[in-house]
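Student: Below is the structure I would like to discuss, written out as structure tokens.
The values are calculated or read from the model by the stated rules, or taken from the named source; none is laboratory data. These numbers were taken from a predicted model, which means no experiment stands behind them. Here the Cβ positions follow ideal geometry from the backbone for every residue, glycine too, while neighbour counts run over all protein chains shown. SASA here: full protein model, heavy atoms, side chains in, ligands and nucleic acids out. Shrake-Rupley method; radii C 1.70, N 1.55, O 1.52, S 1.80 Å.
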Amino acid sequence: MAEKVKVKLRSGTDIVRLPAIALRGLVVFPSNVIHFEVGRAKSIAAIEWAMTNGNSVFLITQKDMDVDNPGIEDLYSYGVVAEVKQLLRVSDDLVKVIVEGRYRAKLITLETSGKFLLAGTKSAPVRPVSSKDAPRAEAMLRSIKESFEKYLTMNPRLPKDVVYTILTSDNALFLSEFIPANLMFKYTDKQDVLSTSALMERLEKILALVQKENKILSIEKDIQEKVSEQMDKNQRDYYLREQMRAIAGELDENEDPHSEAEKYKDKIKALKLEEEAEEKLLKEADRLSRMQGSSQEAAVIRTYLDTCVELPWNTETVDNLDIKKAEAQLNRDHYGMTRVKERILEVLSVRKLAPDVKSQIICLVGPPGVGKTSIANSIAETLGRKYARMSLGGVRDEAEIRGHRRTYIGAMPGKIISAISSAKSRNPLLLLDEIDKLASDFRGDPAAALLEALDPEQNKAFKDHYLDIPFDLSDVMFITTANDLGTIPRPLLDRMDVIELSSYTRVEKFNIAKKHLLPKQLVKNGLKGKVKITDAALYTLIDCYTREAGVRNLERAIGEVLRKCAKTIAAGDKDKITVSALSVEKLLGPKRNKPSFYNKANAVGIANGLAWTSVGGEILPIEVQIVENGSGKLELTGSLGDVMKESARLAITYARSRAAEFGFDATIFKNADIHIHAPEGAIPKDGPSAGITLATALISKLSDRPVRSDVAMTGEITLHGNVLPIGGLKEKSMAAYREGIKTVLIPKENVSDLHEVDDEVKKNVVFIPVEDLHEAFKVSLLPTEKPKPARKPKQTKEAVPTPLAEPAPSPTSKEIAQ
């Protein structure tokens with residue numbers, strides 16, 4: 001339906017079809033502006049339709065408030081055609097609306113089958129007073145006004161504009177609608193007035209209603225006076241708290257608000273705040289002194305003042321700037337993490353030489369379990385600062401960062417101010433954990449709210465919505481943690497100094513387990529001095545029972561071993577236990593780590609690639625199979641992304657253009673189907689760095705030359721076979737080292753990134769830089785194991801292409817550096 005529909009009656013009267021809203025316990029009169037909430041789906045649909053189609057809606061009252069889906073028999077006959085003035089959607093199933101009554105109308109028809117009630121209405125103006133009844137109508141108006149003045153003496157809480165309008169207006173029709181709309185009559189009485197079509201009869205009913213209300217109020221007043229005389233002490237105390245603030249000090253259980261406010265003022269002045277902040281807090285204390293001690297508003301002000309007074313405005317710790325002592329403590333608490341420790345020592349050094357310089361926000365990025373959170377705690381201990389942690393995972397409301405405004409019930413400060421309050425220091429080390437897990441929705445973007453807090457140039461006057469006064473965050477040392485930089489908004493990332501923590505090597509895990517995890521678990525399980533785990537057993541746990549970038553699962557495995565030992569010792573079977581590599585399998589069962597699928601033997605059509613993930617590097621094998629007597633179809637499987645599919649097509653085009661060079665018939669691309677697959681098909685894979693692997697596996701299959709199983713590779717390729725640089729070399733090299741790969745082919749332009757690779761990895765893995773696919777094939781492809789029959793039926797007199805040379809010996813790390 002796009003517009004009003006008019007239907008012509010036989011009598012000549014028009015029926016106007018309008019969206020209808022059935023009201024519960026509410027009656028609207030013409031010229032009456034009123035707001036109410038709409039919760040029923042059909043009513044919401046009617047309001048939304050009206051907002052886009054002329055703003056007119058028919059408001060009619062239900063006879064029974066409990067009926068959810070009223071029909072025409074459930075509604076009164078008369079209602080009001082109103083104009084929708086304003087619409088506010090509170091939630092998906094609740095709308096607040098402001099309407100103004102236009103004219104009285106009668107309900108003729110009602111359609112209930114649509115998205116909203118559709119009413120056929122007919123205008124029903126009130127019959128005016130005849131000239132012979134005019135004196136009687138005037139007398140009736142005077143009586144109504146006299147009764148209304150008596151009503152005011154017993155109920156003086158009516159708005160002044162309502163009182164003035166009733167006492168000064170002489171328009172009988174207007175007052176017949178204005179009085180019932182603004183006085184507290186029953187909705188059934190109001191509907192009775194609205195349904196009355198004769199003005200004289202209306203005035204009689206209104207007079208009766210006002211007189212009836214006066215009688216009820218008089219009786220109510222008599223009852224209150226009698227009850228007041230009979231109240232006991234507890235009731236009298238309650239009455240005094242609610243009605244007589246002047247004698248609030250007589251109550252035994254409550255303190256006088258005035259003296260309470262004076263105590264708050266003394267605390268505020270002792271804080272020696274800036275003028276703006278002190279003035280605002282003193283103003284709130286003055287408001288408290290003028291309120292009843294038990295009122296809700298007084299409780300809100302008390303909570304606000306307590307929060308502000310308890311903040312550490314002038315309390316701070318002194319940094320420990322002994323560089324050598326700090327270095328020794330960091331080395332004692334954490335194994336490895338050289339770059340993080342160096343960065344912290346640099347911060348200390350700069351602060352020692354230039355105390356006024358604000359430090360950059362540090363962001364620790366790495367896979368789970370590598371110690372990002374624990375190193376932050378150690379940094380706080382090293383500096384001698386208080387430590388507070390904020391978990392940002394799943395935070396999607398801006399108010400959780402900046403606080404709620406005090407107009408909301410249950411408002412509270414944001415996470416930053418709450419953390420500083422709990423730390424009881426204005427310069428703590430504040431850890432923002434999992435900053436990459438922030439979300440956003442209609443309530444705002446918390447990442448945007450962090451921009452001010454993490455900007456050293458702006459956070460000197462950070463304003464929490466709850467406090468509404470500036471708080472200096474410039475001395476707070478912020479450290480953030482993340483698993484993936486890709487999900488952090490660029491403006492927020494720009495404010496942080498990123499330090500990447502890579503996966504631990506096997507030797508690093510062993511040292512961490514021996515120096516930190518094992519002693520911690522021995523104490524935790526009450527086995528200190530009773531259980532010894534050999535070095536071989538620790539290596540067995542690392543290699544056979546955990547596979548991770550960090551050491552979280554390794555700590556769990558150690559704890560599991562120690563709990564089983566504790567059971568044996570507690571049962572009295574043994575006093576001391578030594579856990580060896582052989583006994584680990586008896587305690588934990590069969591080895592849990594299944595070997596990764598990759599090319600472990602020299603094979604045709606299978607090449608080992610390297611992939612980066614948010615939890616470290618992985619081996620990514622690529623398989624190629626050719627099906628003879630096909631139609632030239634290319635099949636790509638293994639949950640490959642668009643970029644990786646494009647890399648596969650690049651490899652196909654490159655192979656077709658070099659068919660003669662590699663000794664195979666180019667017609668195979670027309671007469672056979674090529675299937676390229678990346679195992680573990682449930683895991684999505686994408687990115688250009690698998691291009692060199694795709695090309696190697698394809699050329700291996702087409703030329704029938706095996707690929708070396710001890711070689712892995714990574715690099716993007718071009719149509720002409722050039723190898724372009726990639727990212728994530730550190731994590732990829734760690735994966736190759738973990739799986740025992742001896743040689744890794746990398747783009748030549750990535751040689752400069754080898755300084756980030758761990759020394760242990762460089763000792764055990766040879767990195768060979770390549771500029772194009774020819775260089776890669778010389779290392780990765782072996783000669784054909786047995787002669788392969790020529791695919792071409794006829795030999796031409798053209799020169800036979802020179803086959804590729806045998807694989808060259810892998811250069812040493814020294815040669816690469818040169």
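Student: From the square roots a ≥ b ≥ c of the eigenvalues of the alpha-carbon gyration tensor of the range 1-158, which class results: rounded (a/c under 1.5), prolate (a/b over b/c), or oblate?
Tutor: oblate
Student: In nm, what is the difference between 0.36 nm times the number of residues separating Glu500 and Glu457 and their Cα-Cα distance?
Tutor: Separation in residues times 0.36 nm, less the Cα-Cα distance, equals 13.0 nm.
Student: Rounded, prolate or oblate for the range 692-758? Axes are the square roots of the Cα gyration tensor eigenvalues, ordered a ≥ b ≥ c, and the cut-off for rounded is a/c under 1.5. It would help to have the intermediate numbers written out before the result.
Tutor: Values: a/c = 2.98, a/b = 1.34, b/c = 2.22.
Oblate, since a/c reaches 1.5 and b/c is not below a/b.
Student: Can you list residues from other chains, or at least 5 along the same chain, whose modelled amide H is less than 5 Å from the amide H of Leu745?
Tutor: Amide H neighbours of Leu745, under 5 Å, 5+ apart: Ala712, Met713, Thr714, Ile768.
Student: In the range 422-520, what chymotrypsin sites (Phe, Trp or Tyr not before Pro) fall in a loop by DSSP, with at most 12 other Cβ atoms inside 10 Å? Write out the running numbers ahead of the final one.
Tutor: Working: sites: Phe442, Phe462, Tyr466, Phe471, Phe478, Tyr504, Phe510; in loops: Phe442, Tyr466, Tyr504.
Answer by residue number: Phe442.
Student: Moving on to the next point. Rounded to the nearest 20 Debye, what is the dipole magnitude of the chain about its Cα centre when Lys and Arg each give +1 and Asp and Glu each give -1 at the C-beta?
Tutor: Working: 120 positive and 117 negative charges, 439 e Å.
About 2100 debye.
Student: Let me ask another. Bin by bin, in steps of 5 Å, what percent of the Cα pairs in the range 420-505 do you find, going until the bin that has the longest distance?
Tutor: 3, 12, 21, 24, 19, 13, 5, 2, 1, 0
Student: Using label points projected 7 Å from each Cα along Cα→Cβ, tell me how many nm separate Lys358 and His35, to one decimal.
Tutor: 4.0
Student: Taking 0.36 nm per intervening residue step and subtracting the Cα-Cα distance, what contour gain separates Glu100 from Thr52 on full extension? Please list the in-between numbers first.
Tutor: Values: separation 48, 0.36 × 48 = 17.28 nm, distance 1.67 nm.
So the extension gain works out to 15.6 nm.
Student: Given a Förster distance of 56 angstrom, what is the FRET efficiency for Arg592 paired with Ala666, based on the Cβ-Cβ distance and rounded to 0.05?
Tutor: On the way: r = 48 Å, r/R0 = 0.86.
Computed FRET efficiency for Arg592 and Ala666: 0.70.
Student: Would you pull out the residues with amide H under 5 Å of Gly638's amide H, same chain only if 5 or more places away, H placed 1.01 Å from N?
Tutor: Residues meeting the criterion, in which the H sits 1.01 Å from N, are Ala678.
Student: What number, rounded to the nearest 500 deg cm²/dmol, is the helix-based mean residue ellipticity at 222 nm of the chain, given -39500 (n - 2.57) per DSSP H run of at least four residues and division by all its residues? Kindly include the intermediate steps, with their values, before the conclusion.
Tutor: Details: 30 runs with 331 residues, N = 818.
It comes out at -12500 deg cm²/dmol, rounded to the nearest 500.
Student: Picking from Ala328, Thr196, Ala139, whose Cα lies most toward the positive end of the charge dipole for the chain (charges on Cβ: Lys, Arg +1; Asp, Glu -1)?
Tutor: Going by the Cα projections, it comes out as Ala328.
Student: I've got another one for you. What's the extension gain from Asp92 to Ala139 if we count 0.36 nm per residue and subtract their Cα-Cα distance? Don't skip to the end; give the middle numbers.
Tutor: Numbers: separation 47, 0.36 × 47 = 16.92 nm, distance 5.18 nm.
Result for the pair: 11.7 nm of gain on full extension.
Student: Please list, in order along the range 569-584, the HN-Hα scalar couplings obtained from phi with the Karplus expression 6.51 cos²θ - 1.76 cosθ + 1.60 (θ = phi - 60°), rounded to whole Hz, x for Gly and Pro.
Tutor: Each residue's phi maps through the Karplus curve to give 5, 5, 6, x, 6, 9, 9, 9, 9, 10, 9, 9, 5, 6, 7, 4 Hz.
Student: Please list, short to long, the whole-number percent of alpha-carbon pairs of the range 626-722 in consecutive 5 angstrom bins beginning at zero.
Tutor: 3, 13, 23, 26, 21, 11, 3, 0
Student: For Lys564 and Asn629, FRET efficiency with R0 = 56 Å and r from the beta-carbon atoms, rounded to 0.05? Don't skip to the end; give the middle numbers.
Tutor: On the way: r = 59 Å, r/R0 = 1.06.
For Asn629 and Lys564, the calculated efficiency is 0.40.
Student: Be a star and scan the range 473-512 for residues whose amide nitrogen sits under 16 Å from the point 7 Å along the Cα-to-Cβ vector of Glu756.
Tutor: Flagged as within label range: 482-487, 497-504.
Student: When the Karplus curve 6.51 cos²θ - 1.76 cosθ + 1.60 is applied with θ = phi - 60°, which whole-Hz ³J(HN,Hα) does each residue of the range 273-290 get, with x for Gly and Pro?
Tutor: 7, 5, 4, 4, 5, 5, 4, 5, 5, 5, 5, 5, 5, 4, 4, 4, 5, 9
Student: Using C-alpha positions alone, give me the convex hull volume of the range 344-386 per residue in cubic angstrom.
Tutor: 81
Student: Place the peptides 686-698, 96-108 in order of packing, highest mean first, counting for every residue the other Cβ atoms within 10 Å and averaging per peptide. The partial results should precede the final answer.
Tutor: On the way: 686-698: 26.1, 96-108: 18.7.
For the peptides 686-698, 96-108, the packing ranking is 686-698, 96-108.
Student: A follow-up question, please. Which loop-located GluC sites (Glu not before Pro) does the range 615-690 contain, where loop means any DSSP state but H, G, I, E or B and the Cβ has at most 11 other Cβ atoms within 10 Å? Please report the intermediate quantities before stating the final value.
Tutor: On the way: sites: Glu618, Glu623, Glu628, Glu635, Glu646, Glu661, Glu680; in loops: Glu628, Glu680.
Sparse-neighbourhood loop GluC sites (Glu not before Pro): Glu628.
Student: Moving on. Rank by packing, highest mean first: peptides 558-569, 20-31, with packing defined as the count of other Cβ atoms within 10 Å averaged across residues.
Tutor: My ranking of the peptides, most packed first, is 20-31, 558-569.
Student: Please list, by residue number, everything in the range 398-436 whose backbone N is under 19 Å from a paramagnetic label point 7 Å out along Cα→Cβ of Thr303.
Tutor: 398-422
Student: Next question, about the same structure. Whole-Hz ³J(HN,Hα) for each residue in the range 324-332, computed from phi via Karplus 6.51 cos²θ - 1.76 cosθ + 1.60 with θ = phi - 60°, x for glycine and proline: what do you get?
Tutor: Those phi angles translate into 5, 5, 5, 4, 5, 5, 5, 5, 6 Hz.
Student: Here's a follow-up. With unit charges on the beta carbons (Lys and Arg positive, Asp and Glu negative) and the dipole taken about the Cα centre of the range 441-532, which residue among Phe510, Pro470, Leu492 sits farthest to the positive side?
Tutor: With unit charges placed on the Cβ atoms, the residue in question is Phe510.
Student: Give the relative contact order (percent, whole number) for the chain; include only Cα pairs under 8 Å separated by 6+ residues.
Tutor: Working: 1446 pairs, mean separation 53.8, N = 818.
Relative contact order of the chain: 7 percent.
Student: Give me the percent of the accessible area of the chain that comes from carbon and sulfur atoms, probe 1.4 Å, all protein chains in place.
Tutor: Values: 21300 of 42300 Å².
C and S atoms contribute 50 percent here.
Student: Could you tell me which residue out of Met734, Val27, Leu429 lies farthest along the dipole of the chain toward its positive end? Charges go on the beta carbon: Lys and Arg +1, Asp and Glu -1, centred on the Cα centre.
Tutor: Projecting each Cα onto the dipole axis, the largest value belongs to Met734.
Student: Suppose R0 equals 60 Å; then what is the FRET efficiency for Ile219 and Ser421 from their Cβ-Cβ distance, rounded to the nearest 0.05?
Tutor: On the way: r = 54 Å, r/R0 = 0.90.
Computed FRET efficiency for Ile219 and Ser421: 0.65.
Student: According to the square roots a ≥ b ≥ c of the eigenvalues of the Cα gyration tensor, what is the shape class of the range 109-198, taking rounded for a/c under 1.5, prolate for a/b larger than b/c otherwise, and oblate for the remainder? Display every interim value, and only then the final one.
Tutor: Working: a/c = 2.95, a/b = 1.52, b/c = 1.95.
Oblate.
Student: Please list, in chain and number order, the residues 5+ apart from Thr480 or on another chain whose amide H is under 5 Å from its amide H, with Hs placed from the backbone.
Tutor: Hits under the 5 Å cutoff: Ile362, Cys363, Leu364, Leu432.
Student: Please report, in whole Å, how far the alpha carbons of the range 349-502 spread along each principal axis, starting with the longest.
Tutor: 45, 33, 25
Student: Quick check on packing: order 144-153, 204-213, 542-551 by the mean number of other C-beta atoms within 10 Å, highest mean leading.
Tutor: On the way: 144-153: 16.3, 204-213: 18.4, 542-551: 20.1.
For the peptides 144-153, 204-213, 542-551, the packing ranking is 542-551, 204-213, 144-153.
Student: Could you give me the radius of gyration and the Dmax of the chain, taking only the C-alpha atoms into account and expressing both in angstrom?
Tutor: Using the Cα atoms of the chain, the pair Rg, Dmax is 41.2, 128 Å.
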